Amino acid sequence: MSSDQDHLKETDTEARFEFKKEESSAFKSEKGLTEETIRVISEDKDEPEWMLERRLRALKQFQQMPMPTDWPGAPDLSEIDFDEIVPYIRPDIETRGGAESWEDLPEEIQDTFDKLGIPEAEKNALSGVGAQYESEIVYQNMQERWEDKGVIFCDMDKAVQEHEEIVKEHFMTKCVPPSDNKFAALHGAVWSGGSFVYVPEDTTVEMPVQAYFRMNSEGMGQFEHTLIIAEDNSEVHYIEGCSAPKYSAFNLHSGGVEVFVGENAHVQYSTVQNWSKNTYNLNTKRAICDADGTMEWVSGSMGSKATMLYPSTILKGPGATDNHITIAFAGEGQNIDTGAKVYHNAPNTKSTIESKSISKDGGRTNYRGLVHMSDGAENSSTSVECDALMFDNESTSDTMPYMEIQENKVDVAHEATVGKIGDEDVFYLETRGLDDDDAKQMIVAGFIEPITEELPIEYAVELNRLIELEMEGSLG
Amino acid sequence: MSTQVQANLTEEQVTEISEQLDEPEWLLETRLDALDALGELDMPAVIQTPGREWTNLDALDYERFVDPLEMAQEKDRVDAEGVDVLSWSDALDQHGDLIEEQFGSVVDPQRDYLTALSTALFSAGTVVYVPEGVDAEDVKIRTRMNSRALFNYTLVIAEESSSVTILERQETGDDAEGERYYSGVVEAVAGENATVQYGALQNLDEETYNFQVKRGHTGQYGQVNWIEGNIGSRLTKTSVETRLLGDSSESKIVGAFFGHEDQHFDLASRVWHEAEHTTADLITRGVLDDHARSVYEGVQDVGREAWDTNSYQRENTLMLSDESEADASPKLIINNHDTEASHSATVGQVDEQDMFYMTSRAIPAQVAENMLVEGFFEPVLSEVAVDEFREDLAGLIAKRLRE
């Protein structure tokens, strides 16, 4: 693990994220969203008829649904022009559905992911890794010992072909239906790539499974779908990382994540998101948790021009648990609108939400959350804690929690605080010989520690390094 | 729906109300403009989450209630030394220029449909004028509603270095029958170094629909403090607000509610920090029994130039029945980092251990629960600086307890 850490420390993080490749692709769909485009995508993927039908139905829903623009303080989405988005790009590789060995990949893709540290991470700490470049998974590997136990980790397109029945039952049916919101509908119409993870009963995958998503082309939309099914008494940790270089035109990322947590199963979903600052990141993520199951969401939202993302969990079975730990960092020109939603639909369910945000140089962070206690969710409890740290008066930080309580035998607590970096804390550190920048950075590192300690080391290092980069040049 | 009401209201009716109060031309114009605007105005905003509107204001069937020329009420006004506590016609007569200057400066007469309706139709109400340097302890206003609709408009002007405590009681007359509509607008202006303390105890009968907006502006070192007790009404939609406009000004909003049967309370506390060194403290506690429902929104908005802000909010709801529902949304909107702000909200039931402790000491369960409910209101009651108000509120709470 230490070599991995060293690798990440030594690599110049900025160079790792900001380089871009010349565009070359085997297939690129027309701009805009028409029935024709969707038929072409589906045909190119050789999909079964039912999937095409679902796509077309989602497109109709997308066309009828309004943009989420009337929310107080919500990001400005007026720049998004659906006619200018290229919804689908298949990278230029021979192997469909992912190369089997790293060496089979075209050199430029190898090079890209090398800079991101993907093979290193795989070698050292992971059960399996997938990498998505533009619209498709280009590399996929799973350690044999997990495969032997019946664990499936493959890209979503392949899952449609090879695990059709499971996918047909779970794909955007119960968890994230396209009718959920406009961008879920969009996703349902043009989705491509993403991960499929299936963990059979009584199986524990001890090391995290990782997928990395990268957008490289200008004006592109990325719509990967992640479907995780953890059967009863199983356990898995899935990590996702994403990045895209900066272009002058906007990019749109509208992913969909569906997680099914079986009885007494445990799923952790971690993500560090560092989309470039012209990307609109409008995702829908949801988990359904059966009796005594546990769902954990850990996320760091660093990049993007605007993010609207509220991972949600439906606690469906008695005794189910949900934990959210999130951190958002908004710098100049960024609006990170994120939060968590929990529906307590059964007795003895429990949830905790811990949300931290940092805003500086005119950045805007919002916490928008919903806790719903249904009638019958007796002896359930929830605790929500939001902390916001602000650097200057150009920045904005809003906390907008919603609590809907229909059951009296519950315990609901929400707490939020906002403050600036403490002058006294900075002074204290300075008197110990730190300069102003280091002192502030140390305070921020301490502020986000509850998040980083939940992440595997290489992601924790990356998150810390990203925050350092964001803070550089802005202090002192 | 709004078009229906307009169809019933005419310029002639509004003009007649204005003439009865012997009003100047400018006020009639303001009323007619508000009447005119009804067609374009929306209902007051209510909180919405996906698939759900927390309060349904369309439940009010205005057409049946509103008869603009039929407004009956009893009004008691007790004034204190040095303060003018006046009916609108007397006030316009004595302080015409001052009222023209202040009317509508705090609450936009066309803020929403229901406010505009109030502006066009109000005939009841009071003007409280506190001259410079006067300290007045006990101004009391009792409004007893005897008609199907009542539009009440209160204007409080506290000049530099003055202070006033106003206690308002809102009730329904004994001979009242059927559903009714009460609408109240309160504007309060606290000048430099002036303090306005305004307590309102709403105990309308439980067939009355109730809409209220109370809003204050503070000058430098000024204070506007609100105390809100909501016990009665079928449906209440109310917002209590302060804009802290002067440096070092303060506001405290204390609220208590107790809903039972099928009462619905939609309560908001809002404060805007728009100057330096301002402080706000928002405290609300409420109890719900039977099928009652509460919707709470608390807003602390810190402006870009509001350096050195302190802002706190606490909201706690106690649910006694499984059929009740409590919705809450305490919002922090922060645009200046030189801020210390926090909010917290909780919803829960009577603590089991407390109950066990008391019942094991031979206190019957219902008596124990009642004691705990009364105890729950204690932190709010202790914030009520007016003795008489505190005793009245505690009395109404005690009446509401289960036997």
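The values are calculated or read from the model by the stated rules, or taken from the named source; none is laboratory data. On a predicted model such as this, the values are computed, not experimentally measured, just so you know. Methodologically, a virtual Cβ is constructed for each residue, glycine included, from the backbone with ideal geometry; neighbour enumeration extends over all protein chains shown. These accessible areas exclude ligands, DNA and RNA; they are computed on the full protein's heavy atoms, side chains included. Shrake-Rupley method; radii C 1.70, N 1.55, O 1.52, S 1.80 Å.
Are any of the residues in the stretch B:376-386 charged (D, E, K, R), open to solvent by less than 30 Å² (accessible area, probe 1.4 Å) and farther than 30 Å from A:G363 by Cβ? No, there is no match, as no residue in the stretch B:376-386 is charged (D, E, K, R), open to solvent by less than 30 Å² (accessible area, probe 1.4 Å) and farther than 30 Å from A:G363 by Cβ. The residues on offer are B:V189, B:V164, and the sole one that is open to solvent by 10 Å² or more (accessible area, probe 1.4 Å), part of a strand (DSSP E or B), at pLDDT 95 or above and closer than 30 Å to B:S248 by Cβ is B:V189. For A:A340, the requirement of being facing another protein chain (nearest Cβ under 8 Å), of a type in the set (A, V, I, L, M), in contact with a Phe, Trp or Tyr (Cβ under 9 Å, 6 or more places away or on another chain) and crowded, with 19+ Cβ neighbours inside 10 Å is not met.
Scan the stretch A:266-303 for residues that are farther than 17 Å from A:L455 by Cβ and not in a strand (DSSP E or B) and the total you get is 9. Of the residues making up the stretch A:395-413, none is touching a helix residue (DSSP H, G or I) at 6+ places or on another chain (Cβ under 8 Å) and either touching a residue at least 12 places away in the same chain (Cβ under 8 Å) or at the interface with chain B (Cβ under 7 Å from one of its Cβ atoms) (or both).
Only a single criterion out of (1) farther than 26 Å from B:D322 by Cα; (2) open to solvent by less than 20 Å² (accessible area, probe 1.4 Å); (3) without any contact (Cβ under 8 Å) to a residue 60 or more places away in the chain is not satisfied by A:G317, namely (1). One residue stands out in the stretch B:270-306 among those that are open to solvent by less than 10 Å² (accessible area, probe 1.4 Å) and small (G, A, S): the one that is farthest from the chain's Cα centre (by Cα), namely B:A306. The residues in the stretch A:410-435 that are closer than 25 Å to B:T309 by Cα, of a type outside the set (S, T, N, Q) and open to solvent by 50 Å² or more (accessible area, probe 1.4 Å) can be counted, and the count is 7. One residue stands out in the stretch A:235-279 among those that are modelled with pLDDT of 95 or more and of a type in the set (D, E): the one that is surrounded by the most Cβ atoms within 10 Å (Cβ to Cβ), namely A:E258. Restricting A:E472, A:E468, A:E458 to those that are farther than 27 Å from B:E352 by Cα, modelled with pLDDT under 95, away from chain B (no Cβ under 14 Å) and buried (at least 18 other Cβ atoms within 10 Å of the Cβ) reduces the list to A:E458.
Residue check: is A:I358 at pLDDT 95 or above and not polar (S, T, N, Q)? Taking the combined requirement at face value, the residue does not satisfy it. Filtering the stretch B:119-146 to residues that are more than 27 Å from B:E177 (Cβ to Cβ) and in a helix (DSSP H, G or I) leaves only B:T119.
Within the stretch B:81-108, residues that are more than 17 Å from B:G191 (Cβ to Cβ) reach partners that are open to solvent by less than 20 Å² (accessible area, probe 1.4 Å) and at pLDDT below 95 with beta carbons closer than 6 Å, at six or more positions or on different chains, in the pairs B:V85/B:V139; B:W88/B:G125. Evaluating A:P311 against the criteria (1) over 22 Å from A:L455 (Cβ atoms); (2) modelled with pLDDT of 95 or more; (3) of a type outside the set (D, E) leaves one unmet condition, (1). Only helices (runs of 4 or more DSSP H) whose full extent lies in the stretch A:1-101 are considered here, and the ones with at least 3 residues that are under 24 Å from the mean Cα position of the chain (by Cα), at pLDDT 70 or above and on the phi < 0 side of the Ramachandran plot are A:49-64. Those strands (runs of 3 or more DSSP E) of the stretch B:273-344 in which 2 or more residues are facing chain A (nearest Cβ under 9 Å) and of a type in the set (S, T, Y) occupy B:309-319.
Scoring B:Q212 on the criteria (1) in a strand (DSSP E or B); (2) at pLDDT below 95; (3) not aromatic (F, W, Y) leaves a single failure, condition (2).
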